[in-house]
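The structure under discussion appears below in the form of structure tokens.
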Amino acid sequence: MSNSTQSPNKPPAKRTALGENLSRAAANAELRLQHCQACGHWNYPPREVCGECLVGELAWDICDGSGEVLAGVALHNSFEPYFAEHLPWPLVSVKLQAGPIVYAHGAEADLPAGTAVTIENRQDSSGAGVFWAQPLNRAGD
Amino acid sequence: MSRLNQKPASYEGLALVCPQSFGYAKSSAHGASYFIGQTLGHMIHQAGIDKAEVDGLAISSFSLGPDSVISLCQHFNLSPRYLEQLPFGGASGVIALRRAARAVQMGDANIVACIGGDTNQPGSFGDLIADFSTFTRDASYPYGAGGPNAAFALITQHYMEQSGATREDFGRIALAQRHNANHYPGALLGHKSLTMEQYLNARQIAGPVHMFDCVMPCAGGEGFLLMSEARAKHLKLPYVRLLAADELHNAHRQDPVQFRGGWTEYIDELYSRADCGPEDIDLLQTYDDYPAISMLQMEDLGFCQKGEAPDFVRNTELTFDGRGLPHNTSGGQLSVGQAGSAAGFLGLVEAMRQLLGSAGNNQVASAERALVSGFGMINYDRGLCSAAAILQTGAKV
């Protein structure tokens, strides 16, 4: 679903300067999130200071990708040409055991709430890092 | 600590006057200042005052950039002594009211024009959602979740699973609002009827969200003037009183999926300050960017228990003339259109018309007290702003 198209349209690559760190980690297929060096809190989406203790020392550490689907839907409409060509597109929100809530592409069409998943950080065809939610029984295939 | 925390002061002595809704259009070549300026012009004309008497501006707009509220002083040849800009989307109307109320009560301004206005040019909505916030840029837009549809689809899906709400329940809200819009000339979709069959068979947008759950982006302006009650009486203007208002942002942030808003934390106190309860409310204006969000508000504002809004809408007539709980009496954004930040003023301005008895064909019989709520700003996975105000008729025409 993600890379079979002949279309010139690619997924949106624009990120903030901090968000580029997600893409760099994706080049090594690593899930790296901002880990507060003062209080240990995992932060996502990317930000300048720890959302808990407001300290600025955040390290991009490898985070456990285990989590659970909070809600899953299929997108049938998108303003982005790349997604518009690939509808329906599965989108899930996932609560990581480490704390953060992430949006991710669904690796399968139907990932209902409560599904145990692993979040993987991979480069898309734009070279940007995006998260994929793999159902636990299929992760690491 | 509690002895250090003062109770909010009363809002007595204030008057909301001259509700205006201006220039709704599906798209416009004009800039935002056209809609803001024309709304202001009509309000001044309605009030019968000189432009120079407006000494405060409280403005909300997504499409005003690179200009801001200070730029508007030069555009409109005004010299105000009070300026406020409110980037709070669907909560901006109630928040503008709260800010302006204190400015007038404290004497920092005499007449504050509170206006939400936006244009809608080809491509402008796409530009707005592509770069709405740093969080959306990194964490939602790359997933195809551009704009609020996807975030609200996830919230709606979760709400349905938790409460048992069905699409028919959402349809009841949409249909009642279309009926209301059929009686409100300013509604962009007011000339069209909507049946449950059409609602259920509409094009799918994202998960449970279909075409008639989504608002139509458009251009337009909404506004009102805030002044002292004494000044309104002096000017012989019909006016509305503010009984109570509050706001809370990023509340319940531990909820994994948004299931309630900040209203729950202050609604009891809000009714207490207004000396009334939900049973005393003659009409309710919620921020209806998706019917499920209106249901959250019905619950959190005390019209029913949490998770019971599906039952509530099955058993309550929501039309302006149904003698149940008139809800979004001009059709709401779902049927009027979402004019950017003006949508955050739509319910408030409509409530004023109702309380002044000047609503026209969609007038609610004996409307004396209204509850208006605002909800706004999907910074990532949830709406952050919650605001609410209880208004009462002061003096009619």
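Every number in this text was worked out from the coordinates using simple rules, so none of it is lab data. Since this is a predicted model, take the numbers as computed values, not measurements. Because the Cβ atoms are built from the backbone with ideal geometry, glycine has one as well, and the counts that use them run over all protein chains shown.
From helices alone, chain B scores -10000 deg cm²/dmol at 222 nm; the rule is -39500 (n - 2.57) for each run of n ≥ 4 DSSP H residues, then divide by the residue total. Mind checking the angle between helix B:148-163 and chain B's longest principal axis? C-alpha axes, 0 to 90 degrees, to the nearest 10. Between the helix axis and the principal axis of chain B, the angle is about 60 degrees. With each label modelled as a point 7 angstrom along the Cα→C-beta vector, the residue B:191-residue A:13 pair spans 4.6 nm.
Counting every other Cβ atom within 10 Å of each residue's Cβ, B:282, B:275 order from fewest to most as B:275, B:282.
The fraction of all Cα pairs in region B:189-297 landing in successive 10 Å bins from 0 to the largest distance is 10, 27, 31, 25, 7, 1, given as whole percents. Angle of helix B:167-181 to the longest C-alpha principal axis of chain B, folded into 0 to 90 degrees and rounded to 10: 30°. Each principal axis of region B:132-188 carries a Cα extent, and these read 43, 32, 13 Å when sorted largest first. Just checking the listed ones, B:198, B:20, B:338: in the Gaussian network model of chain B with Cα springs under 10 Å, the one fluctuating most is B:198. Here, the protein assembly as shown yields an orientationally averaged convex hull projection of 25.0 nm² when only Cα atoms define the hull.
Label points 7 Å out from Cα along the Cβ direction at residue A:64 and residue A:95: separation in nm? Inter-label distance under the simple model: 1.6 nm.
Give me the Kirkwood hydrodynamic radius of region B:282-340, using the inverse of the mean 1/r over all pairs of distinct Cα atoms, in Å to one decimal.
Values: mean 1/r = 0.0858 Å⁻¹.
In region B:282-340 this quantity evaluates to 11.7 Å.
Of B:375, B:132, B:170, the residue with the greatest mean-square motion in the GNM of chain B, using alpha carbon springs below 10 Å, is B:132. The alpha carbons of region B:1-123 stretch over 54, 34, 23 Å along the principal axes, in descending order.
Straight-line reach from residue B:396: which lysines have a Cα under 19 Å away, not including same-chain ones fewer than 8 places off? Partners within reach: B:233, B:236. For chain A, the alpha carbon positions stretch 46, 32, 27 Å along the principal axes, listed from largest to smallest.
Footprinting exposure proxy ranking of B:134, B:166, fewest other C-beta atoms within 10 angstrom first, gives B:166, B:134.
At a Cβ-Cβ separation cutoff of 4.7 angstrom, cysteine residues of chain A with no neighbouring cysteine are A:63.
Computed with the Debye formula from one identical point scatterer per Cα of region B:242-397, without solvent, the log10 of I(q)/I(0) at q = 0.13, 0.15, 0.18 Å⁻¹ comes to -0.55, -0.74, -1.09. Angle of helix B:32-47 to the longest C-alpha principal axis of chain B, folded into 0 to 90 degrees and rounded to 10: 50°. Pairs of Cα atoms in region B:334-397 fall into 10 Å distance bins, from 0 up to the last occupied one, in shares of 20, 44, 27, 9, 0 percent.
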